[in-house]
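Undergrad: Input: one structure, supplied below.
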Amino acid sequence: MELTSQIDVHLLRGCCLEAERSDLVAYQLEGWRNALNELSNPHLTAVIAEIKTGSRILRELADLSQVHRDRVPLILNPLNIILPCLSRSLRDITAHYEDRTRQKLKRWRHMYHTMTNEAGGLSLPGRFMAYNQYLSSLRDLLIRSPNFDLNMLEKLRRQIMQLREARGIPPPPIQIGPIARNDSLPYRDSDPESSRLQTFAALISLQNITDSTLGRAHLLPSPAVSDSSWMPSVSLGPHHPWGHLDIPINSKILFRRSFNDDQISLTVYRSGIDKSPYLLLRIFDQGTPWFSVRGAHELCIERDGSSLQFKRWSRTERRSKTWAVLHFMTWEELVLMHSTFLSLKARNGLTVRLGPEEYALCREHKLFQARVFDDGFKHSLIVYEDIATRGLRLHAAVWEGELRQCPVWTAFVTHQSASPTWLKRVSRHRVRLADVQLYVFCRQYRQQNQRRGAVGAFEINFVSEEAARRFEEVFYPPQGGPAAASTGV
């Protein structure tokens, strides 16, 4: 292996090592906070939060580097600057934590003031915030994000170099990668297909399943014996070490999602050669990252309770085998991942067949189905109810043709639907929803064409007057009782 490749592996493994060290230190500080009854201490809480954030970014850097291997040399020198400094800070915290000559409260206060003074007055939360901003800038540089700010990176670099000097850490001995040039810096990607696919990142993020968007996310019942215990996600491989996967250059990250407290991550990217989506799983084995990759066209998906199972075909055994099992805390997350995968697979030129059983998300009950005119297209609009959580969602899919049943958008019915003004029949064929958020899976679809008025009410135009009436009755049943399910109207 060439020297540069050895350095790549060493530094990127260093990211994983410091991520694990960060997890341990955060756990130690949480123990302090509980023992001291300092749950409301803003400084201690902030330090814990920043260390946990840094752990996630470090693992994300290692994951993304697998796809953007051609750009890894750009971040080698910056990593060589921050990793020794970050490691020293984490080890110093552990040393203070293990100092038995002081009581716990005095240990915490002594550590806080000592580490603040050695940083020239920069608070301990501020120190880790600077680390995280620096690591985030490296991530933006690696993936060529338009958010990358070279001036900010340089400002943070100087701050970290000053901290290294104050702690007696010698400067990096050698230049181990190229200095960033203007032609290697991020640019605004004008590729509309890339822009569409990048939006899937928002769909899979737990941070987007919030009270403000959903009213209340629906927790899925645990398949484990104890209600407080969740089955872990698993990746069954086969797996390969870092750098041993033939991922084409110019591949683009579509989204990344972590599981099991980031012990497993899923990165979906578009190949720089065939433009098809691929799923990359990362696990850890004794602290070393291992990877497994499959094209969306090579996998089949099905729901099993709170999990999604991805299966591959084994040529040697001539049978289907489970590639991964990903567990979700909420029904909303599970739905979004399922719909995203279906859209990627159905619109992939390498896909030979997508069976109707894959489109069906089991353990959902269909309350309603009808044809609608939606942004100039003929779609199927379905109302689903999840059996486990009783959650409701609207689901639009392609009505006919090669992409029939392919998801176009989905929207979760929140507590706003309890309002008598949420749904309004504005004509024989048209219904307006006052408050609904769409998660869109099709680049051609423009939901703004269905929005009406100053508040952006979403308008549904049914092919049949009867369908409009029965849709209204799903949410506002007549006094005689709930409307029966309607399909194909």
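The numbers here are math on the coordinates, done by the rules we state, and not lab data. Keep in mind it's a predicted model, so treat the numbers as computed, not measured. Neighbour counts run over all protein chains shown; Cβ positions are idealised from the backbone, glycine included.
Undergrad: In nm², what is the average projected area of the convex hull enclosing the Cα atoms of the stretch 1-188?
TA: Details: hull surface 45.3 nm².
Average of the hull's projected areas for the stretch 1-188 equals 11.3 nm².
Undergrad: With θ set to phi - 60°, apply the Karplus curve 6.51 cos²θ - 1.76 cosθ + 1.60 along the stretch 282-290 and write out the HN-Hα couplings as whole Hz, x wherever there is a Gly or Pro.
TA: Here the 3J(HN,Hα) series is 10, 10, 10, 10, 6, x, 9, x, 10 Hz.
Undergrad: Another question, then. Order 252-263, 115-126 from most to least packed using the mean count of other Cβ atoms within 10 Å.
TA: The peptides rank, most packed first, as 252-263, 115-126.
Undergrad: Here's a follow-up. Testing the spin-label approximation: label points 7 Å from Cα along Cα→Cβ at Glu30 and Arg363. State their distance in nm.
TA: Simple spin-label model gives 2.6 nm for this pair.
Undergrad: Kirkwood hydrodynamic radius, computed over distinct alpha-carbon pairs, for the stretch 363-475: how many Å, to one decimal? All intermediate terms of the calculation are to be shown ahead of the outcome.
TA: Numbers: mean 1/r = 0.0700 Å⁻¹.
Its Kirkwood hydrodynamic radius stands at 14.3 Å.
Undergrad: For the pair Asn260 and Thr421, what calculated FRET efficiency results from E = 1/(1 + (r/R0)^6), where r is the Cβ-Cβ distance and R0 = 45 Å, to the nearest 0.05?
TA: Numbers: r = 43 Å, r/R0 = 0.96.
So the FRET efficiency works out to roughly 0.55.
Undergrad: Okay, next question. Give a residue-ordered list of calculated ³J(HN,Hα) values for the stretch 440-451 (Karplus: 6.51 cos²θ - 1.76 cosθ + 1.60, θ = phi - 60°; whole Hz; x for Gly, Pro).
TA: 9, 10, 10, 5, 6, 7, 10, 5, 4, 6, 9, 8
Undergrad: How do His365, His43, His379 rank when sorted from fewest to most other Cβ atoms within 10 Å of their own Cβ?
TA: On the way: His365 12, His43 15, His379 22.
By the 10 Å Cβ count, ascending, the order reads His365, His43, His379.
Undergrad: What percent does the relative contact order of the stretch 326-395 come to when contacts are Cα pairs within less than 8 Å and at least six residues apart?
TA: Numbers: 66 pairs, mean separation 15.6, N = 70.
Relative contact order comes out at 22 percent.
Undergrad: Need the list of lysines near Lys252 for cross-linking: C-alpha distance under 21 angstrom, and skip anything on the same chain fewer than eight residues off.
TA: Answer for Lys252, where 21 Å is the Cα cut-off: Lys275, Lys345, listed by chain and number.
Undergrad: Please give the contour-minus-distance gain from His110 to Arg390: 0.36 nm per residue of separation, less the Cα-Cα distance, rounded to one decimal in nm.
TA: Details: separation 280, 0.36 × 280 = 100.80 nm, distance 5.16 nm.
Length difference between fully extended and current span is 95.6 nm.
Undergrad: Show me, for the stretch 309-326, the HN-Hα J-couplings you get by feeding each phi into the Karplus relation (A = 6.51, B = -1.76, C = 1.60, θ = phi - 60°), rounded to Hz, glycine and proline as x.
TA: Listing the rounded values in order: 9, 10, 10, 10, 9, 8, 5, 5, 9, 6, 7, 7, 10, 6, 8, 7, 10, 10 Hz.
Undergrad: What ranking of Glu20, Glu400 emerges when the number of other C-beta atoms within 10 Å of each C-beta is taken as an exposure proxy, fewest first?
TA: Numbers: Glu20 15, Glu400 11.
With the sparsest Cβ surroundings first, the list reads Glu400, Glu20.
Undergrad: Ranked by Cβ crowding within 10 angstrom, fewest neighbours first, how are Glu472, Glu333 ordered?
TA: Working: Glu472 16, Glu333 24.
Fewest-to-most Cβ neighbours within 10 Å comes out as Glu472, Glu333.
Undergrad: Starting from 0.36 nm per residue, how many nanometres of slack lie between Ile169 and Asn117 once their C-alpha separation is accounted for?
TA: Numbers: separation 52, 0.36 × 52 = 18.72 nm, distance 1.65 nm.
Residue separation times 0.36 nm, minus the Cα-Cα distance, leaves 17.1 nm.
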